[in-house]
Amino acid sequence: MSAGEKKALNLAWLWTVLFALTTTSFLLTLYHIFFIAPAELQMGIVFKIFFFHVPSALAMYVGFGLAGLGSAVYLKTKKPFWDALAISGAEVGTLFCIIVLVTGPLWGRKAWGHYWVWDPRLTSTMLTAMIYLSFLALRSGSPGAAEKRFAAALAIIGLPMLPLIHYSVQRWAGQHPTVLTEEGGGISAEMVPSLLGGFTSFSLLVVWLLWARIRVERQRQEIDSLDLELAGS
Amino acid sequence: MPSIYNTLLQLGRICVRKTPTIQNGKKSTDRYAAQPIMKRFLSGSLLALSLFALAPAVSAQDSEESAEEQTPENSRSAEFRAVDGSVEEDVPGGPLLIGAYMAAFALMLGFVWRLGSLHQKNQRELEALRREFNAQSDA
């Protein structure tokens with residue numbers, strides 16, 4: 001780890017400020033969701049799942065996107081930082097993907113009468129989760145160079161799934177709502193602050209989690225290199 | 001079909017290939033004899049499961065296409081409108097809403113807790129290794 005990178009990852013004040021901003025943003029958003037935002041005409045109060053479900057999906061895109069980017073650059077340069085970015089992005093992306101896959105079916109129970117339907121968006125999201133879970137399974141323990149390369153290739157294979165998830169509701173028939181798309185009718189004005197709060201909170205959280213995870217992974221890489229150096233001496 | 005078969009064959013070859021590592025200055029494949037094969041098996045199984053997941057989606061897609069011919073195109077929600085006054089629920093929404101938020105927070109806090117414990121474990125290991133490294137260089 002270079003001195004500059006070490007310094008950047010250890011900026012304690014920025015870390016604390018980001019944590020405080022994230023917590024405050026979450027508290028304000030939760031207050032708005034539960035005490036101010038109205039229920040929806042068809043969905044009732046279950047609609048309020050929307051305010052966490054959609055921002056989680058955005059955080060998932062960020063995580064998986066960075067995993068793909070980190071993997072591609074790592075395969076090209078073999079620099080450990082990009083590997084750390086890839087594994088951190090995959091873990092954070094998987095976390096938010098699981099949140100999406102848990103909150104979505106709870107919404108679906110009310111909207112469709114079933115927890116799960118084989119809708120193109122639901123299926124492509126589950127498929128993406130499985131690809132990145134495979135990545136994490138390969139990277140668990142102490143992976144060798146071959147496992148790292150294979151996992152990086154998997155993360156790149158998973159990248160085209162992201163636009164596929166996004167456009168699946170527009171291109172193919174399905175039951176997933178299309179509210180925030182060009183064809184959608186949008187949401188009532190009273191609901192907008194909660195949604196914006198959700199996007200702000202999850203954007204801050206994804207940055208904070210990625211930072212923390214990269215820091216931990218860089219520590220792990222330092223341990224491995226020290227271990228190797230000790231074994232060689 | 002032959003190209004899919006070849007791709008799967010290539011993937012299989014990558015999955016079973018052993019990776020030599022350097023332990024105490026010697027090349028060794030022992031460390032990779034058991035654990036990575038299990039990992040590769042697990043990863044391969046997850047991928048296979050994902051492929052199986054596509055099958056119902058494809059059949060659902062076919063049935064939806066035929067259903068679409070009979071039903072209006074916009075049967076799904078395209079807009080969310082606020083309700084005035086109290087709400088009457090046919091499916092009780094409270095448990096679903098609370099369940100969703102509790103699950104989301106449990107997952108996020110669990111991840112933060114895991115990061116914290118990994119960080120502490122790494123700190124301990126790093127300190128021990130640095131001590132060992134210093135002791136070796138002093139000797």
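Here is a check on your reading of the model: is A:A152 within 11 Å of another protein chain (Cβ to nearest Cβ), assigned to a helix (DSSP H, G or I) and small (G, A, S)?
Values: within 11 Å of another protein chain (Cβ to nearest Cβ): no; assigned to a helix (DSSP H, G or I): yes; small (G, A, S): yes.
Considered against the rule, which asks whether it is within 11 Å of another protein chain (Cβ to nearest Cβ), assigned to a helix (DSSP H, G or I) and small (G, A, S), A:A152 comes out as no.
Within the set of pairs 6+ apart or on separate chains, which have a first residue in segment A:69-81 that is without any contact (Cβ under 8 Å) to a residue 60 or more places away in the chain, a second that is part of a helix (DSSP H, G or I) and hydrophobic (A, V, I, L, M, F, W, C), and C-beta atoms under 6 Å apart?
Cβ pairs passing all conditions: A:V73/A:W82.
Taking the options A:L127, A:L122, name whichever one is part of a helix (DSSP H, G or I), surrounded by 22 or more Cβ atoms within 10 Å (Cβ to Cβ) and at the interface with chain B (Cβ under 10 Å from one of its Cβ atoms). Spell out how you get there, then give the answer.
Values: A:L127 fails: surrounded by 22 or more Cβ atoms within 10 Å (Cβ to Cβ).
Of A:L127, A:L122, the one residue that is part of a helix (DSSP H, G or I), surrounded by 22 or more Cβ atoms within 10 Å (Cβ to Cβ) and at the interface with chain B (Cβ under 10 Å from one of its Cβ atoms) is A:L122.
Here is a yes/no grid of residues against (1) touching a residue at least 60 places away in the same chain (Cβ under 8 Å); (2) out of contact with any Pro (no Cβ under 9 Å at 6 or more places or on another chain); (3) over 24 Å from B:A104 (Cα atoms):
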{"position": "A:H166", "(1), (2), (3)": "yes, yes, no"}
{"position": "A:R171", "(1), (2), (3)": "no, no, yes"}
{"position": "A:A189", "(1), (2), (3)": "no, yes, yes"}
{"position": "A:L204", "(1), (2), (3)": "yes, yes, no"}
{"position": "A:V207", "(1), (2), (3)": "yes, yes, no"}
{"position": "A:L210", "(1), (2), (3)": "yes, yes, no"}
{"position": "A:S225", "(1), (2), (3)": "no, no, yes"}
{"position": "A:L228", "(1), (2), (3)": "no, yes, yes"}
{"position": "A:A231", "(1), (2), (3)": "no, yes, yes"}
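With the structure loaded, tell me whether A:M191 is out of contact with any Asp or Glu (no Cβ under 6 Å at 6 or more places or on another chain), within 11 Å of chain B (Cβ to nearest Cβ), closer than 21 Å to A:W116 by Cα and of a type in the set (A, V, I, L, M) or whether it fails that test. Break it down into steps so the answer makes sense when it comes.
Numbers: out of contact with any Asp or Glu (no Cβ under 6 Å at 6 or more places or on another chain): yes; within 11 Å of chain B (Cβ to nearest Cβ): yes; closer than 21 Å to A:W116 by Cα: no; of a type in the set (A, V, I, L, M): yes.
Spelling it out, it is not the case that A:M191 is out of contact with any Asp or Glu (no Cβ under 6 Å at 6 or more places or on another chain), within 11 Å of chain B (Cβ to nearest Cβ), closer than 21 Å to A:W116 by Cα and of a type in the set (A, V, I, L, M).
Could you figure out which of (1) in contact (Cβ under 8 Å) with a residue 24 or more places away in the chain; (2) more than 26 Å from A:L205 (Cβ to Cβ) isn't true of A:M126?
(2)
Take A:G70 and decide whether it is touching a helix residue (DSSP H, G or I) at 6+ places or on another chain (Cβ under 6 Å) and either open to solvent by 20 Å² or more (accessible area, probe 1.4 Å) or of a type outside the set (A, V, I, L, M) (or both). Full working, then the answer.
Details: touching a helix residue (DSSP H, G or I) at 6+ places or on another chain (Cβ under 6 Å): yes; either open to solvent by 20 Å² or more (accessible area, probe 1.4 Å) or of a type outside the set (A, V, I, L, M) (or both): yes.
Yes; evaluated as a whole, the condition is true for this residue.
So, in segment B:113-139, exactly how many residues are under 22 Å from A:W211 (Cβ atoms) and surrounded by 14 or more Cβ atoms within 10 Å (Cβ to Cβ)? Step through it out loud before you land on a result.
Pass one, segment B:113-139, residues under 22 Å from A:W211 (Cβ atoms): B:113-126.
Checking the rest, the ones that are also surrounded by 14 or more Cβ atoms within 10 Å (Cβ to Cβ) come to B:114-115, B:118-119, B:121-122, B:125-126.
Result for segment B:113-139: 8.
Give all pairs with beta carbons closer than 8 Å in which a residue from segment A:33-56 that is more than 7 Å from every other protein chain (Cβ to nearest Cβ) meets a residue that is assigned to a loop (DSSP other than H, G, I, E, B) and surrounded by 22 or more Cβ atoms within 10 Å (Cβ to Cβ); count only pairs at least 6 apart in sequence or on separate chains.
Close Cβ pairs satisfying both conditions: A:F51/A:A37.
Looking at segment B:113-126, I want the residues that are of a type in the set (G, A, S) and have a partner that is open to solvent by less than 70 Å² (accessible area, probe 1.4 Å) with Cβ atoms under 9 Å, at least 6 apart or on another chain. Which pairs are those?
Pairs found: B:G116/A:A212.
The values are calculated or read from the model by the stated rules, or taken from the named source; none is laboratory data. Predicted, not measured: the structure shown is a model, and the values here were computed from it. Quick reminder, even Gly has a Cβ in these numbers, built from the backbone with ideal geometry, and neighbours come from all protein chains shown. These accessible areas exclude ligands, DNA and RNA; they are computed on the full protein's heavy atoms, side chains included. Shrake-Rupley method; radii C 1.70, N 1.55, O 1.52, S 1.80 Å.
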